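In what follows, a structure is listed as structure tokens, so that the remarks can point back to it.
The values are calculated or read from the model by the stated rules, or taken from the named source; none is laboratory data. Computed from a predicted structure; not experimentally measured. Because the Cβ atoms are built from the backbone with ideal geometry, glycine has one as well, and the counts that use them run over all protein chains shown. In case anyone asks, the SASA skips ligands and DNA or RNA and just uses the protein heavy atoms, side chains included. Shrake-Rupley method; radii C 1.70, N 1.55, O 1.52, S 1.80 Å.
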Amino acid sequence: MPFRELNSVQLDTLKEVSNIGMGHAATALSQMIGQRVNLTVPNVTITEISQVPEHLGGAEKMMVGITLQILGDARGSIMLLFPEESAHRLLCSLLGQQEKGLVMTEVSVSALKEVGNILASAYLSALGNLLNKTLIPSVPLLAYDMAGAVVDHALIDLSQSGDFAMMIETDFGGEPDQDLAIKGHFFLLPDPVTLNIFFSDVGGAV
Amino acid sequence: MSTRVTIAQVRIDQSPAVLKAYGLGSCVAVALYDPEARIGGLGHLLLPNRPKKNALGSESKYVDAGILEIVDQLVQAGANQDRLIAKVAGGANMFETSYQTLIKSIGARNARSARATLASLGIPILGEEIGGNRGRTVEFDLATGNMMVYCARDDDQVSI
């Protein structure tokens with residue numbers, strides 16, 4: 001199903017499904033870092049592939065990206081993006097006092113990947129329960145570079161089936177008034193064929 | 001004056017314009033230039049080859065079709081195809097190499113497709129900055145035909 005043909009009921013369905021999944025993921029993250037984690041209602045955007053880096057705050061913004069493929073009964077990928085300051089704060093809460101800026105060592109890479117793994121697993125297991133499907137995350141992969149460079153391989157998969165990407169984006173952060181909030185973007189990039197599975201199973205069918 | 005070339009886009013312009021492509025990961029930027037007419041084009045290309053049938057969406061996301069499109073547009077704008085030279089950057093593998101099979105190393109395939117397409121057109125590649133695992137931003141200066149390649153992560157820049 002081409003993304004452009006989704007109607008508002010279907011978009012709402014995707015939002016709600018994502019909301020439930022992200023709720024589980026945020027709980028997992030909050031337990032891991034011992035802080036409250038707030039999240040915003042997910043935003044479903046259908047956008048031209050060329051505009052995706054703009055939605056992330058510009059192609060040259062430095063980001064840590066963690067990507068996992070969805071395996072099992074549905075296909076797609078998950079991309080978690082942390083602006084570098086947030087990745088640094090996350091590492092401070094996980095590993096204690098860190099260097100001043102973000103330094104990628106074996107330990108910090110591994111810790112960030114583990115965050116990705118936990119968030120994606122919590123999300124996919126909630127989603128899988130809802131859809132009655134088995135959804136398994138692959139091994140996480142990590143890149144620390146310009147936003148455009150980090151996301152383009154996720155776009156490559158999508159671009160084989162059209163010029164549009166669907167981003168289900170949720171921002172999460174710590175206490176809202178703190179300067180030290182950890183912010184991140186969570187993207188679900190289902191492959192277009194997989195969308196049909198979502199709708200036939202959650203009742204948002206056409 | 002600089003113009004931005006976003007993902008899956010090709011653009012041509014003439015001296016003294018500068019064409020820029022930001023944040024290339026496994027994408028490749030292919031620049032073509034006619035040094036006498038001082039016109040050139042830049043493509044920010046995503047996928048290696050246009051499928052023979054059932055190609056969906058724009059042509060300019062494919063490396064092979066995108067290069068042909070730039071050549072067509074340049075020739076229409078007064079360039080001579082025999083004088084064209086090329087520079088290629090990008091084609092990295094952003095997510096570490098130990099899991100190459102998972103992501104099929106699309107960057108290397110993009111770079112290979114760019115070389116093959118340019119060779120089949122008889123266009124020489126005068127500069128390359130491809131592969132590795134770092135993101136790049138390129139600026140292609142149509143006054144000189146120089147391409148500056150910047151890497152954000154290690155504050156590195158080269159001119160090709």
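Send over the Kirkwood Rh of the protein assembly as shown, from the inverse of the averaged 1/r over different Cα pairs, rounded to one decimal Å.
Final number for the Kirkwood radius of the protein assembly as shown is 21.2 Å.
With each pseudo-label sitting 7 Å past Cα toward Cβ, what's the B:Glu36-A:Leu71 distance in nm, one decimal?
Simple spin-label model gives 5.7 nm for this pair.
Heavy atoms only, 1.4 Å probe, whole protein assembly: order B:Leu74, A:Leu6, A:Leu71 by accessible area, highest first.
I get A:Leu71, A:Leu6, B:Leu74, largest accessible area first.
Considering protein heavy atoms only and a 1.4 Å probe radius, which residues within the stretch A:54-73 exhibit an accessible-area decrease of no less than 30 Å² in the full assembly relative to the chain by itself?
Those residues are A:Glu54, A:Ala59, A:Glu60, A:Met62, A:Gln69.
Over chain A, what portion of Cα pair distances is larger than 29 Å, expressed as a whole percent?
Within chain A, distances greater than 29 Å cover 20 percent of Cα pairs.
Might you tell me the accessible area per residue for the protein assembly as shown, computed with a 1.4 Å probe and given in Å²?
Result: 42 Å² of accessible area for each residue.
Say R0 is 51 Å: what FRET efficiency, to the nearest 0.05, do A:Thr27 and B:Arg4 get from their beta-carbon distance?
0.80
Roughly how much of B:Met94 is accessible, in Å² to the nearest 10, using a 1.4 Å probe?
Rounded to the nearest 10, that gives 20 Å².
Got a sec? What order do A:His88, B:His44 fall in by accessible area at 1.4 Å, biggest, i.e. largest, first?
A:His88, B:His44
So who's got an amide H within less than 5 Å of the one on A:Arg75, skipping anything under 5 residues away but keeping other chains? H placed 1.01 Å off N, in plane.
A:Asp191, A:Thr194
Rg (Å, one decimal) plus Dmax (Å, integer) for the alpha carbons of the stretch B:1-75?
Spelled out, the Cα radius of gyration and Dmax of the stretch B:1-75 are 12.3, 39 Å.
Which residues of the stretch B:8-30 end up with at least 30 Å² less accessible area in the presence of all protein chains than when their chain stands alone, using a 1.4 Å probe?
In the stretch B:8-30, residues shielded by partner chains: B:Tyr22, B:Gly23, B:Ser26.
Between A:Glu85 and A:Arg36, what FRET efficiency comes out of the Förster formula 1/(1 + (r/R0)^6) with R0 = 25 Å and r the beta carbon distance, rounded to 0.05?
0.85
Checking understanding here: applying a Kyte-Doolittle mean of at least -0.5 and a length along the axis of at least 27 Å (C-alpha), which whole DSSP H helices in chain A pass?
Those that clear 27 Å and a mean of -0.5 are A:8-33, A:106-131.
Please get the size of the charge dipole for the stretch B:113-155, origin at its Cα centre, with Cβ charges of +1 on Lys and Arg and -1 on Asp and Glu, quoted in debye to the nearest 20.
Computed charge dipole of the stretch B:113-155: roughly 200 debye.
Using a 1.4 Å probe and counting only protein heavy atoms, arrange B:Ser120, A:Ser77 so the residue with the most accessible area comes first.
B:Ser120, A:Ser77
Please list, by residue number, everything in the stretch B:27-50 whose backbone N is under 13 Å from a paramagnetic label point 7 Å out along Cα→Cβ of B:Gln14.
Counting backbone N atoms under 13 Å from the label point, the list is B:34, B:36-40.
In the protein assembly as shown, with Lys and Arg counted as +1 and Asp and Glu as -1 at Cβ, which of these residues, A:Leu91, A:Tyr144, A:Ser30, has the Cα nearest the positive end of the dipole, that is, farthest along it?
A:Tyr144
Stretch A:Asp171-A:Val107 to full length: gain in nm at 0.36 nm per residue minus the Cα-Cα span?
Extending this stretch completely gives an extra 20.5 nm.
How much of the pair distance distribution for the stretch A:96-172 lies past 22 Å, counting alpha-carbon pairs only, in percent?
Of the Cα pairs, 42 percent sit more than 22 Å apart.
Over all pairs of distinct alpha carbons, what does the Kirkwood formula give as the hydrodynamic radius of the stretch B:2-160, in Å?
With all distinct Cα pairs of the stretch B:2-160 included, I get 15.3 Å.
Report in % the part of the accessible area of the protein assembly as shown that belongs to carbon and sulfur, leaving out ligands and nucleic acids; probe 1.4 Å.
Using a 1.4 Å probe with all protein chains present, the protein assembly as shown comes out at 48 percent carbon and sulfur.
Which of A:Lys61/A:Lys183; B:Lys20/B:Lys52; B:Lys20/B:Lys87 have a Cα-Cα distance over 24 Å?
In this structure, B:Lys20/B:Lys52 exceed 24 Å between Cα atoms.
Taking the simple approach of a point 7 Å from Cα along Cα-to-Cβ for both A:Leu95 and B:Asp72, what is their distance in nm?
Placing both labels 7 Å beyond Cα along the Cβ direction yields 5.1 nm.
Between chains A and B, what is the buried accessible area in Å², counting both sides, with a 1.4 Å probe and ligands, DNA and RNA left out, to the nearest 100?
What A and B bury together is about 2600 Å².
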